[in-house]
Amino acid sequence: MNKVLFFAHLRDSAGVESVEFAASGKTVADLKELISEQFGLQNFDTVMTAINEEFATDDEVIQEGDTIAFIPPVSGG
Amino acid sequence: MNKVLFFAHLRDSAGVESVEFAASGKTVADLKELISEQFGLQNFDTVMTAINEEFATDDEVIQEGDTIAFIPPVSGG
Amino acid sequence: MHDRHSRQELFQPIGKEGQRKIRSKHVLLIGAGALGSANAEVLTRAGIGRLTIIDRDYVEASNLQRQQLYTEEDVLEKLPKAAAAYKRLHAIDSSVEIRPIIGDANIEMLQDLVGDVDLIIDATDNFETRMMINDISQKYQLPWIYGACVGSFGMSFTILPGKTPCLNCLLQAIPMQGMTCDTNGIIGPNVQMVIAHQTAEALKILVEDWDAVRTSFVSFDVWRNQYSTMKMGKAKRATCLSCGENPTYPYLDVENHTKTTVLCGRDTVQVRPPKVQNLVLSELAEKLKHLGYEVKGNPYLVSVEWEENRLVIFNDGRALIHGTKDLTQAKAIYQRILG
Amino acid sequence: MHDRHSRQELFQPIGKEGQRKIRSKHVLLIGAGALGSANAEVLTRAGIGRLTIIDRDYVEASNLQRQQLYTEEDVLEKLPKAAAAYKRLHAIDSSVEIRPIIGDANIEMLQDLVGDVDLIIDATDNFETRMMINDISQKYQLPWIYGACVGSFGMSFTILPGKTPCLNCLLQAIPMQGMTCDTNGIIGPNVQMVIAHQTAEALKILVEDWDAVRTSFVSFDVWRNQYSTMKMGKAKRATCLSCGENPTYPYLDVENHTKTTVLCGRDTVQVRPPKVQNLVLSELAEKLKHLGYEVKGNPYLVSVEWEENRLVIFNDGRALIHGTKDLTQAKAIYQRILG
């Protein structure tokens, strides 16, 4: 299993702070699609992904036990 | 073995950011005395101690593998 | 003002030598809103040599809650932010050379300005300007510091050309998040948190303590007590058009910028984003309603009264801003709502 | 100033209801230095109802580098900090009721003041005053927020009586660290970082969002890119004399405070700490020399010229401050050097 964390407004949109998700073997892009569908999240293509606190590209493959965090870039200032 | 971390000016006084130290079975008070002697650190009695990111009293006994952090309270403002 | 920076010189990684370096440097600050005014104040107090501040807005009552250089008087006088900032910064340290520029930071302006700039600090409220700053940074090999905040959530990242990934590596396109301070709010403590990170990095860069510069991307939520860092080694892309092997600096091409046109005789400006969007209008309408605005809509557009203007937003991202002929103001309103 | 707090009301955990609560509250801020001035500005901009500020100092040139309410003019006029703070805060929001108190925060003053106070914010520069605040907090069941910074290192902890451990649980005695902003320096970004934490907690407490209040002790180093939190559950001591089962509030006893006495006819004040110390004079001399002061010493005492005064510090912690008859000033100088 994997832990998936939502940051900022993603948490509000998803309604949870984190979920357990079987993502091992999937790419980040796969997971993004599944998650955005399941939780009805918009604009997921430009959300940044961290795997175990390290930046991950969309084609990176998730390993068993990895913690995945979705961090939306914000623009306010 | 245990990892001992120094914060703020303790790092400057000790000359290192962290050290490996065999502290298992010792109390925090014991370790404070040994460390303050070895590194010539003053005023070690009011330094706060965290074991694995949790506040620890002077009589707490250190376990194998614990990470110990010494955090000096500062007064500036 | 003898002794003025003594407490900073006592800080060992700066010292007297570092203080001299800070004094010899020129920082370009883009934006004088919440992040801009606070960045400007910290750098001025720290004794920066020269500070150029660009901002297109004037001071409004709703700014005072978090924009620290401004007062009620500035609101009553409707002072441009850059001018109001100058007034206060000059009172804080009359020996710092402050150059306020009232206007919209655009490609030509930035290219003209960066000649002797040592560092660019981002205090804008939109990704379009940030991507332009990012390309300027790569083209002229200047460090810049990204900072942003909405609600209680904030982030910062320091970009050193040739060393770290750039913003285009991270995002690959301008995000259309639709979450801004004007739609989701913002609290002062979060501004302070971003500023703490941006100004710490700024001082490190100004005193050239390169080893101390933060290489991770930091994000935090001051209300939910979260703080996280993300290592960025893997983010650098060799094919990045901004910092890769064959850079084209796409955001220095006007084609990739928001277009504004006055619609003749109608007191209306049309705003068109660089790329065709596919907005979920129902969501946008919902959010604007939630904020207390009267919203009308149909499957093709959303219409909303926004302060003294009326906006019509189409699902391709195009908008009409009624009640103004001012291109800069129209673009500002657009970016305040759509990010 | 219509619309003034709209961006804060848009932040969902505050909202219009939270804004009304903030407006109905009274904060007591102790100290108007770096942390004090920045806390005061954030709270004033956030729309606090009443703010009482106590400070014993006046504005000096070396304050401007990090104390954000003050200007060169305040230095030239040697304005007391509380008065200078009032002037600026009033210009920022004339509807906030600000009460400046120019003086040394002592037991009587605090006991007289806290009647209708909702929250105490610590912006002092010494642990003696903090321990007194801590006892006041326990005796009157008022939350307080500890914050401190030196160099690039800072920390904060929120104390809720009956819920969290108190400062006396953590320290058990007044630390004599001898590390202060006057001896080790301080940088602006670190002040901003502490303020971000203190003001976030303040807003949570003012809107009564108790679940959001941070329960961990946070410390950080903005230059070394460190951020750490420490869980505090185990710190609470049932035998604590401030918050335990049989509290005596030891720091509300004048016996446990620094004594100051004018030495008759000598233009000198004697300062005596509450407990006999055992200072390592050679270290103290070394540090003061390193700061560029001319230091003389022997095994019994250290003598140093400090701005317009001469200090003689004995190894039991007692000091003579020559060149003044002002008790408050003498104590301030003492605490600025010895913490």
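The values are calculated or read from the model by the stated rules, or taken from the named source; none is laboratory data. Predicted model only: the values in this text are computed from it and were never measured. All Cβ positions, even for glycine, are placed from backbone atoms using ideal geometry, and neighbour counts span all protein chains on display. Protein only, heavy atoms only, side chains kept; ligands, DNA and RNA dropped before computing areas. Shrake-Rupley method; radii C 1.70, N 1.55, O 1.52, S 1.80 Å.
Quick notes on this structure:
- Looking only at region C:204-240, and only at residues there that are open to solvent by 40 Å² or more (accessible area, probe 1.4 Å), in contact with a Ser or Thr (Cβ under 7 Å, 6 or more places away or on another chain) and of a type in the set (Ser, Thr, Tyr), the one that is nearest to D:Phe11 (Cα to Cα): C:Thr229
- Filtering region D:91-98 for residues that are touching a residue at least 24 places away in the same chain (Cβ under 8 Å), under 21 Å from the mean Cα position of the chain (by Cα) and open to solvent by 10 Å² or more (accessible area, probe 1.4 Å) leaves a non-empty set.
- You will find that of C:Leu327, C:Leu252, C:Leu338, the residue that is touching a helix residue (DSSP H, G or I) at 6+ places or on another chain (Cβ under 7 Å), in contact (Cβ under 8 Å) with a residue 60 or more places away in the chain and either under 16 Å from C:Glu128 (Cβ atoms) or surrounded by fewer than 18 Cβ atoms within 10 Å (Cβ to Cβ) (or both) is C:Leu252 and no other.
- Within the option set D:Val150, D:Val114, being surrounded by fewer than 24 Cβ atoms within 10 Å (Cβ to Cβ) and out of contact with any Ser or Thr (no Cβ under 6 Å at 6 or more places or on another chain) holds for one residue only, D:Val114.
- Candidates B:Val4, B:Val74, B:Val16, filtered to the one that is assigned to a loop (DSSP other than H, G, I, E, B) and more than 8 Å from chain D (Cβ to nearest Cβ): B:Val16
- Scanning region C:178-197 for residues that are of a type outside the set (Gly, Ala, Ser) and either farther than 24 Å from C:Arg224 by Cα or free of Cβ contacts under 8 Å to residues at least 12 places away in the same chain (or both) turns up nothing.
- Checking C:Val194 against (1) more than 8 Å from chain D (Cβ to nearest Cβ); (2) more than 30 Å from A:Asp58 (Cα to Cα), the condition it does not meet: (2)
- Screening C:Ala212 against (1) of a type in the set (Gly, Ala, Ser); (2) under 28 Å from C:Leu51 (Cβ atoms); (3) more than 12 Å from chain D (Cβ to nearest Cβ) leaves a single unmet condition, (3).
- Check on D:Gly162, in the same structural domain as D:Gly49 (by TED's automatic domain parsing), at pLDDT 95 or above and crowded, with 24+ Cβ neighbours inside 10 Å: no
- If you go through region D:143-176 and pick out every residue that is in a strand (DSSP E or B), touching a residue at least 40 places away in the same chain (Cβ under 8 Å), more than 7 Å from chain B (Cβ to nearest Cβ) and among the aliphatic types (A, V, I, L, M), you end up with 1.
- A single member of C:Ser24, C:Ser37, C:Ser6 is facing chain D (nearest Cβ under 10 Å) and either in contact with a strand residue (DSSP E or B) (Cβ under 7 Å, 6 or more places away or on another chain) or not aromatic (Phe, Trp, Tyr) (or both), and it is C:Ser6.
- Qualifying residues in region D:47-62 (those that are over 28 Å from D:Glu208 (Cα atoms) and open to solvent by 10 Å² or more (accessible area, probe 1.4 Å)) - the one farthest from the other protein chains (Cβ to nearest Cβ): D:Tyr58
- Test result for D:Leu89, part of a loop (DSSP other than H, G, I, E, B) and hydrophobic (A, V, I, L, M, F, W, C): no
- Residues satisfying the stated conditions in region D:23-46, i.e. surrounded by fewer than 21 Cβ atoms within 10 Å (Cβ to Cβ) and of a type outside the set (D, E, K, R): D:Ser24, D:His26
- Of all the residues in region B:1-47, those that are more than 26 Å from B:Ser75 (Cα to Cα), out of contact with any Phe, Trp or Tyr (no Cβ under 7 Å at 6 or more places or on another chain) and open to solvent by less than 10 Å² (accessible area, probe 1.4 Å) number 1.
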